[in-house]
There are 2 protein chains.
Amino acid sequence: MLTPRTGGTRRSAKREAVLDAAQAVFLEMGYAAASMDSVAARAGVSKATVYAHFDSKDQLFAAVIRRRCDKSEAFVLADRTLDARAALTLIGRRLMDLLLSPEALAMYRVVVSESLRQPELAQAFYDSGPGAGKAQIAAIIAELIRRGELAAVDPRRASDQFVGMLRTDYFMRTLLGLTQPEGSRVDDVIDDAVETMLRAWGTASSPPR
Amino acid sequence: MLTPRTGGTRRSAKREAVLDAAQAVFLEMGYAAASMDSVAARAGVSKATVYAHFDSKDQLFAAVIRRRCDKSEAFVLADRTLDARAALTLIGRRLMDLLLSPEALAMYRVVVSESLRQPELAQAFYDSGPGAGKAQIAAIIAELIRRGELAAVDPRRASDQFVGMLRTDYFMRTLLGLTQPEGSRVDDVIDDAVETMLRAWGTASSPPR
DNA sequence: GTCTATATTTCGATAGAC
DNA sequence: GTCTATCGAAATATAGAC
């Protein structure tokens, strides 16, 4: 009879605690500034326990990033009854909520800074983050084109441009920890991006303004 | 009689050598991984000399970033004879050359990763980089609107969106050190951004396609 | 697996001679 | 200002008991 592997290596409670603590510390402090001591302290275990589960700081970091990438979900589901304006606005809202969340921003900062040192992690981050998002939005745009709500344009190109118009100054300022100018609102960014998309690629069934 | 200040503090040859070395090391390795020893070695001076000119690693880093920000030039001058398509394409080309340059990418990586720890540097970087670029492009777009080449739209908003459509997937992949997909070209990104801008905000004098 | 205690290295910063 | 030499702290990683 097989044991339930309660004390197993891959999924012990302490191992998960270490991963949770490491994620918090790495995202808060950045890779280099995060010490294995602080990870151990935060996890409530000894440093030797950390090294019992992960060979090195590099591998622990890799495990944190990969786990987070695996967990990233499809952030948007197309409601087939929505017209282009409503669909794009909804996508925009969800994407902005995701991009501007403290965790996503922290993840972006640390992965970008370590991307050259750990190329495989950069690839994993891209595939599960920007890459997956681009594909999802492209699929929805392709559907809108099929329904005649948007003009015929390469969906991946349109997805790129739409995301680009969302990830502008507002995102940059938030990423850098700066305050937003008076009266700057996320909803305006979204509405403006949708309007430009519709003006450029809208059809009679989805008029701008 | 005043001395020529050859041995002065603010502009000695060694001080400049330290700054040059520090810039190279910080941008290559990131703030935390860059050691004062490596800076001294690269500058060809002793570590004590580094500390004779800069009180701490933090202040040396700040001096490097500020110097680089001060040096950032106006990257684009409007040729008043260009129509909207030509002007936007030229701006796009210059901006992409700048954004995709190894030094700008390295600067972006290190400033983003240290932005929360050094808020004043984040502000200086934004002001002299993204902020200045946005203002410059907005001014050119305002001129195009004045000449009837573009429809009436908030120039700063249009600038944001245009830059956003340039800084898309291609930029992200380069930033992360990933290879570009087969057949992916910078000029296509620029042309696509220009076309969408003109379709959305072009006039009879600047028709799309 | 998990702990305490420690080995070893590296780093930021300084003392003191010139 | 500049150097050599070094201090003290903090970091990664490991040894050995249980």
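A short reminder: the numbers here are calculations on the coordinates, not readings from a lab. Because the structure is predicted, anything quoted here is derived from the model rather than measured. Cβ: placed from backbone, ideal geometry, glycine included. Neighbour counts: every protein chain shown.
Using the rule -39500 (n - 2.57) for each DSSP H run of four or more residues, divided by the residues of the protein assembly as shown, the 222 nm mean residue ellipticity is -20000 deg cm²/dmol. Maximal additional length on extending the A:Ala139-A:Arg209 stretch stands at 22.8 nm, based on 0.36 nm per residue less the C-alpha distance.
Taken over chain B, lysine pairs spaced eight or more positions apart, or on distinct chains, with alpha carbons under 23 Å apart number 6.
Would you work out the relative contact order for the range B:1-160, in percent, from Cα pairs under 8 angstrom that are 6 or more residues apart?
Values: 119 pairs, mean separation 32.4, N = 160.
Reported relative contact order: 20 percent.
Between the Cα long axis of helix A:186-201 and the first principal axis of chain A there is an angle of about 50°, rounded to the nearest 10.
Where the eigenvalues come from the Cα gyration tensor of chain A, what are the semi-axes √(5λ) of the equivalent ellipsoid, largest first, in whole Å?
Details: eigenvalues 325, 81, 36 Å².
In descending order, the three semi-axes are 40, 20, 13 Å.
Ranked from shortest, the separations from the 7 Å Cα-to-Cβ label point of A:Thr203 to its equivalents in the other copies are 3.0 nm. For chain A, the longest principal axis of the alpha carbon atoms and the long axis of helix A:155-166 meet at an angle near 80°.
Ranked from shortest, the separations from the 7 Å Cα-to-Cβ label point of B:Glu73 to its equivalents in the other copies are 5.1 nm.
What translational diffusion coefficient, to the nearest whole µm²/s, does the protein assembly as shown have by Stokes-Einstein, given a Kirkwood radius computed over alpha-carbon pairs, a temperature of 37 °C and 0.692 mPa s viscosity?
Once the numbers are plugged in, D ends up at 139 µm²/s.
Ranked from shortest, the separations from the 7 Å Cα-to-Cβ label point of A:Asp191 to its equivalents in the other copies are 3.6 nm. Take the Cα of B:Leu77, step 7 Å toward its Cβ, do the same at B:Lys14, and the gap between the two points is 4.0 nm. The alpha carbons of the range A:119-209 occupy a box of 42, 40, 13 Å along the principal axes, longest dimension given first. Estimated translational diffusion coefficient (Stokes-Einstein, Kirkwood radius over Cα pairs, 20 °C, 1.002 mPa s) of the range A:13-70: 198 µm² per second. The mean number of partner chain beta-carbon atoms within 10 angstrom of a residue's beta-carbon across peptide A:174-185 is 3.
Taking all Cα pairs closer than 8 Å and separated by 6 or more residues, the relative contact order of the range A:13-70 comes to 41 percent. In this simple spin-label approximation, B:Asp127 and A:Asp97 carry label points 7 Å from Cα along the Cα→Cβ vector, and these lie 3.6 nm apart. Per q in 0.11, 0.13, 0.24 1/Å, what log10 I(q)/I(0) does a Debye calculation on the alpha-carbon atoms of the range A:90-168 return? Here log10 of I(q) over I(0) equals -0.34, -0.46, -1.14. Between helix A:84-99 and chain A, what is the angle of the helix's C-alpha long axis to the longest principal axis, kept within 0 to 90° and rounded to the nearest 10? Result, in degrees: 20.
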